[in-house]
1. Along each of the three principal axes of the Cα atoms of the range 47-138, give the extent in whole Å, ordering the values from largest to smallest.
2. Apply the Kirkwood formula to the range 102-145: the hydrodynamic radius equals the inverse of the mean of 1/r over all pairs of different alpha-carbon atoms; give it in Å with one decimal.
3. Give the Rg (one decimal place) followed by the Dmax (whole number) of the range 74-115, computed from C-alpha coordinates and expressed in Å.
4. Ordering F159, F108 by accessible area with a probe of 1.4 Å, largest first, what comes out?
5. For the range 142-150, just list the computed ³J(HN,Hα) in residue order, Karplus coefficients 6.51, -1.76 and 1.60, θ = phi - 60°, integers in Hz, with x standing in for Gly and Pro.
6. Run down the lysines and flag those whose C-alpha is under 27 Å from the C-alpha of K28, throwing out any fewer than 8 positions away in its chain.
7. Using the Karplus curve 6.51 cos²θ - 1.76 cosθ + 1.60 with θ = phi - 60°, work out ³J(HN,Hα) for each residue of the range 161-167 in order, rounded to whole Hz, and write x for Gly and Pro.
8. Taking 7 Å along the Cα-to-C-beta vector as the label spot, tell me the V157-A30 distance in nanometres, rounded to one decimal.
Amino acid sequence: MNIARAFPAACAALLALSVSLPSHAADKAASLVGTWRVERITDTDIKTGKVVHPYGEHPKGYIVYDPTGHLSVQLMRTPATPPFASGDDAKGSDAEVRAAYDGFVAYFGTYEVDAKRGIVVHRVEGSLMPSYTGTDQPRPFRVEGDVLTIEGDSEGVHFLRRLRRVPQSAR
């Protein structure tokens, strides 16, 4: 193959492709790709202003948006739920199992970015919470450098989720 002839054709094809994609929408979607470590999760009652940390003041977890359009969400309360008294995860008391369930969020699926509205829609395929499975979960978001903020209002609560991009070298 003559590289001198193939290179201009390849450049023309890439240029045509880039012109056909809305660059703002593509940039907004591309800005989400990566692994994001949770830094802050708060819910604020809109009427009273009371701030709640539903997963503790220092929650742990990740949201992963991959380049194929798939996502995975894993978040946990800190301090972590203690091991069950029985020593067997399959034999926790009702209270222990409930505490473990209440202290963890896990779901997976696909995502789609609506750049005009500044929303990422999590299309939930499976979840620890049965009511999430098969639903679309819209999330208002913004990316500023290596900080992802998911923030909005829902049912009288202002929610804030702040995450930081995990550098590739930290894997």
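1. Principal extents (Cα only, largest first): 50, 36, 22 Å.
2. Working: mean 1/r = 0.0884 Å⁻¹.
Hydrodynamic radius (Kirkwood, Cα only) of the range 102-145 equals 11.3 Å.
3. Cα only, the range 74-115: 14.6, 49 Å (Rg, Dmax).
4. On the way: F159 30, F108 110 Å².
Ranked list, largest accessible area first: F108, F159.
5. 8, 10, 10, x, 9, 10, 9, 10, 10
6. Counting by Cα, and skipping residues close in sequence, K28 has these lysines nearby: K60, K116.
7. Calculated HN-Hα couplings, in order: 10, 10, 10, 10, 4, 8, x Hz.
8. The answer from the label model is 3.6 nm.
The values are calculated or read from the model by the stated rules, or taken from the named source; none is laboratory data. The model shown is predicted, which means the values in this text are computed figures rather than measured ones. Positions of Cβ are backbone-derived with ideal geometry, glycine not excepted, and every protein chain shown enters the neighbour counts. Only protein heavy atoms, including side chains, enter the accessible area calculation; ligands, DNA and RNA are left aside. Shrake-Rupley method; radii C 1.70, N 1.55, O 1.52, S 1.80 Å.
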